[in-house]
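The values are calculated or read from the model by the stated rules, or taken from the named source; none is laboratory data. Please read all numbers here as calculations on a predicted model, not as lab measurements. No Cβ is skipped: glycine too gets one built from the backbone with ideal geometry, and neighbour counts run over all protein chains shown.
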Amino acid sequence: MKGFGYLAAFLGGAVAGAAIGLLVAPEKGADTRVKVGSAIDEFMKKHNIKLTHKEMEDLVDDVKEAVEDDF
């Protein structure tokens, strides 16, 4: 469960960072998406987190629901 907390914190930070980055980035959206995707891939490999595409979608949905419940 501790790993889930780290992953949820990372994803929350990644979403916030991506949103800010998109607002101030001088690059094309496609280039920015590639950079964000690469950062997420590096984090997952560094922490040996292996999730399928479906598991990642479910995790993102869970994080969204948790955030919506808090506000």
### the stretch 20-57 - residue that is modelled with pLDDT under 75 and within 22 Å of VAL67 (Cα to Cα) and, of those, surrounded by the most Cβ atoms within 10 Å (Cβ to Cβ)
VAL36
### Task
For GLU68, indicate whether it is modelled with pLDDT of 80 or more and over 11 Å from the mean Cα position of the chain (by Cα).
no
